[in-house]
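What follows is a set of notes on a single structure, which appears directly below.
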Amino acid sequence: MKKILTSVGLVAIGAASAQAATPLDRSYYAPNPALTSPERSKLWSVSASLRGFYDDNYFTSPSSYIDPATGAVLKPRSSFGFEVSPRASLNAALEQTFIGLSYQYSLRWYADRKTNSADHSHQADLNLNHSFSENLKLEAKDSFVLSQEPQLLDPSVVTAPLRRSNLDNLRNAADLSLHADISRAFSTTFGYANTLYDYKQSGAGGYAANLDRMEHLAKIDFRWNAQPNTIALIGYQYGLIDHTSKDSLLSFDPLKTLAMSDSKIRDNHSHYIFAGADQTFANQILASVRVGAQITEYPNALAGSEKNSTTPYADANLSYGYSKGGSVQLGVRHARNQTDVTYINLADQTATLDQETTTIYASLTHQITANLMGSLVGQVQDSTFNGGKDSNGTKYKQTDDLYMIGFSLNYKFNEYWGAELGYNYDRLDSEINARGFTRNRVFIGLRASY
């Protein structure tokens, strides 16, 4: 029984629950944020922040962009504004069960916008962990997001759209897994994850046509406790992506008279086969590595497109808690993902099906003084489009390179009040014309928690 209580307690401390941050704060997207001190100390907690900000490209527009719908030349728009973001959470650690619930709302008002001057974001998270016995544990998670910001919809790998949508977009990610100890040396974990994307920019050629989808992922692995601090494993995952929009992919074919206008041509299913290990060093450094292959098939692809593809698959991360208030996390991931770009060559019957992406991320949190905390978060993402051919018949292999960095300082006046200052920089370099952009944001504000 003591082992069960210890396990649940560790889960409670390490459960993925967003910190009291907002979409203005890059740390909002940091991998696996931990519970804050107030959340760990009592059953419920509330917090709120009030910030002033400046955003020099809040529509993430290129330096000069021609709107295909109106023909107007659009340039980056900047604005001062303010953000109000309350948050409430419930964290209950019972004898064999941990339940975590949280909800956060963000209102950002832009002085530059005469109409629709405010953006609204909602995020709700559920974490449930239950130990049936010392050998059998269940974990369930659900994360719901309604927002315009792409980094909030996809916090780990920013898939699409990299360009900001000015309408609400919905993403709901659910994950269920069961861990069973077969013996002292061997164990297994299996589960199922489901992610729904629903973009409100409807119509032919819109984000909904390209990105509305349901993603399914079944997973299983077998683990060997080779040493007290070493776990070796082999695993398999089966992923299925089902595009759900009824809108046409092509703006000039809104009635979908052409087969290539159907979003179903981008459906795919993948087999992930990998091996890996988890290693703990001196109870301070945690390392995790998964390396293998991803075999992807596109059953509805156009006649000229490749029907299958085999690419590397890798997911590795390292975390180091070097002091009471200091930690470092590094990670890299390589896999396929969906994209908001659908390049269709009518003559060759080919289309852009997805992307192959390598993502490198890092985060640093450091206790500068007893009351001053600093954080630095960065991410680099290189994506190559898969499918389609140019006018010379050459495979369409253009790339996107995304860079994101954020820095923040948090000063705590006392247990309940604090001040914060932050800066975020985003840059997209793209080989596609009129797609790349840069964006700078700075904010300063107050935060209260109880």
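The values are calculated or read from the model by the stated rules, or taken from the named source; none is laboratory data. Note that this is a predicted model, so its numbers are computed, not measured. Because the Cβ atoms are built from the backbone with ideal geometry, glycine has one as well, and the counts that use them run over all protein chains shown.
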*For L346, work out the one condition from (1) aliphatic (A, V, I, L, M); (2) within 27 Å of the chain's Cα centre (by Cα); (3) over 30 Å from S89 (Cα atoms) it doesn't fulfil.*
(2)
_For region 349-370, give me each residue that is more than 24 Å from the chain's Cα centre (by Cα) and either of a type in the set (S, T, Y) or crowded, with 21+ Cβ neighbours inside 10 Å (or both)._
T350, A351, T369
_Residue satisfying condition, being in contact (Cβ under 8 Å) with a residue 12 or more places away in the chain, out of contact with any Gly (no Cβ under 7 Å at 6 or more places or on another chain) and either under 26 Å from R441 (Cβ atoms) or of a type outside the set (G, A, S) (or both), within set L353, L364, L409_ = L364
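Every residue, every condition in (1) hydroxyl-bearing (S, T, Y); (2) at pLDDT below 90; (3) in contact with a Phe, Trp or Tyr (Cβ under 8 Å, 6 or more places away or on another chain), yes or no:
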{"position": "P254", "(1), (2), (3)": "no, yes, no"}
{"position": "H269", "(1), (2), (3)": "no, no, yes"}
{"position": "Y272", "(1), (2), (3)": "yes, no, yes"}
{"position": "T280", "(1), (2), (3)": "yes, no, no"}
{"position": "Q284", "(1), (2), (3)": "no, yes, yes"}
{"position": "V289", "(1), (2), (3)": "no, no, no"}
{"position": "Y298", "(1), (2), (3)": "yes, no, no"}
*Report, by residue number, each residue of region 69-120 that is more than 30 Å from K137 (Cα to Cα), of a type in the set (A, V, I, L, M) and in a loop (DSSP other than H, G, I, E, B).*
A69, A72, A111
*All but one of (1) modelled with pLDDT of 95 or more; (2) crowded, with 18+ Cβ neighbours inside 10 Å; (3) aromatic (F, W, Y); (4) more than 25 Å from the chain's Cα centre (by Cα) hold for Y411, so report the exception by its number.*
(2)
*asked:* Please go through region 311-343 and give me each residue that is over 24 Å from the mean Cα position of the chain (by Cα) and either β-branched (V, I, T) or not in a loop (DSSP other than H, G, I, E, B) (or both), ordered by number.
replied: Y322, S323
*(1) assigned to a strand (DSSP E or B); (2) closer than 26 Å to T339 by Cβ; (3) touching a Phe, Trp or Tyr at 6+ places or on another chain (Cβ under 7 Å): which one isn't true of D242, the others all being true?*
(3)
